[in-house]
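Here the structure comes first, spelled out in structure tokens, and everything after it is commentary.
The values are calculated or read from the model by the stated rules, or taken from the named source; none is laboratory data. These figures come from a predicted structure and were not determined experimentally. With ideal geometry, Cβ positions are generated from the backbone for all residues, glycine too; neighbour counts draw on all protein chains shown. Protein only, heavy atoms only, side chains kept; ligands, DNA and RNA dropped before computing areas. Shrake-Rupley method; radii C 1.70, N 1.55, O 1.52, S 1.80 Å.
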Amino acid sequence: MLDHEGDTHLYLQVAEIIRRRISDGVIRPGSAVPSESELRNEFGIARTTARRAVRMLRDEGLVHAVPGEGTFVGLPDGPRRANRATPLYREIADDLITRITRGDLKPRRPIPSETALVQRHGVARETVRRAVGLLREQGWVYTVPQRGTYVNPPGEWPEENGDL
């Protein structure tokens, strides 16, 4: 439980809780640290507070970041997590493609916002951006500046649906 009224910054309190979970073996070497989104939900903190807490642990050498996948306990050359068969951004892209082809996301209508996708998948914004960028490259979606990202009409989808 965080002390919102106390004299210790929230990011320091969150970092200490994660540090304790690591030392107690709740989060083991090679395992993922909760994402910014998960920390926000668990502690009711701002994204910048969550980011600052994780950055502090990274600066201490307790955790390391893997772009597009998350933050993991230990040094990059230490115990490794199991390799993912599919990177997280591809899983998000595949989920959106399924929703598009099933008709849940309609042509010329917006896909869920970046924030909604971050919350749905519990990942960093950059991971969502990478997934949406892939869909854009493949022709599933298009972006209108200042408006959002929309589903392309079926005639503009890739030849082999779902084959990224």
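Scanning the range 35-55 for residues being outside any helix (DSSP H, G or I) and open to solvent by less than 30 Å² (accessible area, probe 1.4 Å) gives a total of 2. Is it the case, given these coordinates, that residue 124 is modelled with pLDDT under 95 and either surrounded by fewer than 16 Cβ atoms within 10 Å (Cβ to Cβ) or more than 28 Å from residue 66 (Cβ to Cβ) (or both)? No: the conditions fail for residue 124. The set of residues in the range 127-152 being over 10 Å from residue 92 (Cβ atoms) and open to solvent by less than 40 Å² (accessible area, probe 1.4 Å) consists of 133, 139, 140, 141, 148, 149, 150, 151, 152. Being in contact with a His (Cβ under 7 Å, 6 or more places away or on another chain) and in contact (Cβ under 8 Å) with a residue 24 or more places away in the chain: is that true of residue 27 here? No: the conditions fail for residue 27.
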